[in-house]
Structure formats: structure tokens, C-alpha cells
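S.K.: Quick one: the structure is below, questions incoming.
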Amino acid sequence: MTENFVEKKDGAKDNERAELAQRMSEKLQELNSLSNAAPLVRARMQLDVAELLVALERKLEAWILAREAFDAALQHDAWQDAAEACDVLYQCAQADSIAALGMGVWLAVSFPVDPELTMALLIHIVDETPNDSDGAALAATAARYVVDLRADDGSHESHSFLADNLIAHVAKRHSNVRDQAGLDQWMDKLELRDPQIFLPRLGKVVDIIVGDALWFDRDALRSKFD
């Protein structure tokens, strides 16, 4: 009985992988037909292919495509696509993947990127940060801030729920916080109420994550919104 179950489970995985490979092949053919397309159209398709390659564990190939898509998106001020490229690059598990995550967080928090994607990137920061570090607390708090700032009426409640749960999770693992009173004290102690305080601190965490691997001039990008 157990062997039969395992065989069915493995068969389902094989079928799923075959479906992914078929979709990837179709998307790759479509990408190859876009050689003369607008850069952002091609970049969008590169990201679609890269995401499928990641799912198929072909992560180096995914990295190459996502990196090209990132450059094209950034060149055309497509902040959403650039941040999404960073998310894919992080999932590629290459030498600079953590740096790509840091750059993605900087872009997503700094520019008008979809709050769901921004929160996903910040959750990666939480996952990568030790339990006793303040970095996860800053990332979780920034997620809540971005939701309040950018989520529309239709998604604000659900996104807020996820962000609040993220903060509670981080507080519990950081300082064993288990109730609202403890959460309030914890947020006051770590100065997580004022974005003028916690966002620059998050920026320092991002600087550490990115290190010397920065792929763009942040001051030049900021000037586009001055």
C-alpha cells in the first residue's frame, strides 16, 4: 500500500515536471520570436521563462535570463519588473542572489511597486535574518507600512492581515512576544512606529546584504523622482 502511494506521488511529480517543461519550451519559443520586440516586452517574457526554469531547478539558466530582464527593466524605469527580476534572481540561489534580494527590496520600498511583491521581498529578508537580529523586525514593519501606503481598498484588508501576522511572528521569534501588550512594548523598544526612523535602519540592513555588488547608482535613480 505504501509503495503504491509513493509510486503515485512520484508519478504526479513527474507529470507536473513534464507540464512545466512543456510550458517552458512554449514560452522559450515565444521568447525567441521576440528578438525585434520592444525591450520591456522581451524582458517580461524572459521573466516568465526564468520563473519556469527555477521551478525546473535549472537555476543558472534562469539567472542569466532574469539578469538580462533586470537590466532592461531598470533602463526603462520599469520598477515593478526590475523588482520582480530581483525576486527571481534571489530564487536562483547563485553567488549574488542575496545581493539581488537586497537591491529588490530597495527598489520595491523606494518606488511605486505593487505592495504584494514588495511584501514578498521583505518576507525573504525575514527568512534570511537570524531570529535575534532586528533586521527581520524592520522588514516586517516596512511591509505593513507599504501596505498602508499602496494597497487599494480591495486588497488592503487581506494584505494588512498578512503583514500583521508577519510582525507577530517576528516579535515571537525575536523576543518571545505572545500578546498585544508585549507587542506594543516590543515595537516601542525597537522604535518601529516612525517610518522616518525604521526605514533608514532598514536601508542599513539592505546595504549590508548588498555589499559591493550594487548594479545601479541609487542617487541617479532617486533623481528621477525629485
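The values are calculated or read from the model by the stated rules, or taken from the named source; none is laboratory data. Not measured: the values here are computed from a predicted model. Glycine gets a Cβ as well: all are built from the backbone with ideal geometry, and neighbour counts include every protein chain shown.
S.K.: Which of the residues spanning segment 130-162 are free of Cβ contacts under 8 Å to residues at least 60 places away in the same chain and not in a helix (DSSP H, G or I)?
M.R.: Within segment 130-162, P130, N131, D132, S133, A151, D152, D153, G154, S155 qualify.
S.K.: Suppose the filter is of a type in the set (V, I, T), touching a residue at least 12 places away in the same chain (Cβ under 8 Å) and over 19 Å from F111 (Cβ atoms); does V41 pass it?
M.R.: no
S.K.: Also, quick follow-up: Can you find, within segment 181-221, the residue that is nearest to the chain's Cα centre (by Cα) among those that are of a type in the set (F, W, Y) and either part of a helix (DSSP H, G or I) or loosely packed, with under 13 Cβ neighbours inside 10 Å (or both)?
M.R.: F198
S.K.: If you scan segment 151-161, which residues turn out to be surrounded by fewer than 16 Cβ atoms within 10 Å (Cβ to Cβ) and of a type in the set (A, V, I, L, M, F, W, C)?
M.R.: Once the filter is applied, which keeps residues that are surrounded by fewer than 16 Cβ atoms within 10 Å (Cβ to Cβ) and of a type in the set (A, V, I, L, M, F, W, C), segment 151-161 yields only F161.
S.K.: Now for a different question. For segment 163-180, how many residues are part of a helix (DSSP H, G or I) and of a type in the set (D, E)?
M.R.: So the count comes out to 1.
S.K.: Just one of the numbered conditions (1) outside the structural domain of D207 (by TED's automatic domain parsing); (2) surrounded by fewer than 20 Cβ atoms within 10 Å (Cβ to Cβ) is not true of P130; which one?
M.R.: Every condition holds for P130 apart from (1).
S.K.: Can you find a residue in segment 133-145 that is hydroxyl-bearing (S, T, Y), in contact with a helix residue (DSSP H, G or I) (Cβ under 8 Å, 6 or more places away or on another chain), modelled with pLDDT of 95 or more and outside the structural domain of H76 (by TED's automatic domain parsing)?
M.R.: So far as segment 133-145 goes, yes, one or more of its residues are hydroxyl-bearing (S, T, Y), in contact with a helix residue (DSSP H, G or I) (Cβ under 8 Å, 6 or more places away or on another chain), modelled with pLDDT of 95 or more and outside the structural domain of H76 (by TED's automatic domain parsing).
S.K.: L122 versus (1) within 18 Å of D188 (Cβ to Cβ); (2) buried (at least 22 other Cβ atoms within 10 Å of the Cβ): which is the lone unmet condition?
M.R.: The number of the failed condition is (1).
S.K.: With (1) free of Cβ contacts under 8 Å to residues at least 24 places away in the same chain; (2) on the phi > 0 side of the Ramachandran plot as the list, and A93 as the residue in question, which single condition is left unmet?
M.R.: Of everything listed in (1) free of Cβ contacts under 8 Å to residues at least 24 places away in the same chain; (2) on the phi > 0 side of the Ramachandran plot, A93 misses just condition (1).
S.K.: So, in segment 130-187, how many residues would count as being more than 19 Å from K204 (Cα to Cα) and of a type in the set (F, W, Y)?
M.R.: Looking only at that region, the number is 2.
S.K.: Just for helices (runs of 4 or more DSSP H) wholly inside segment 12-114: which have at least 1 residues that are hydroxyl-bearing (S, T, Y)?
M.R.: Because the criterion is at least 1 residues that are hydroxyl-bearing (S, T, Y), the helices (runs of 4 or more DSSP H) in segment 12-114 that meet it are 79-91, 97-110.
S.K.: Taking segment 194-216 only, how many residues are more than 25 Å from R67 (Cβ to Cβ) and not aliphatic (A, V, I, L, M)?
M.R.: 7
S.K.: Something else now. What are the residues in segment 95-119 that are hydroxyl-bearing (S, T, Y) and surrounded by 24 or more Cβ atoms within 10 Å (Cβ to Cβ), if any?
M.R.: Residue satisfying the conditions is T118 alone.
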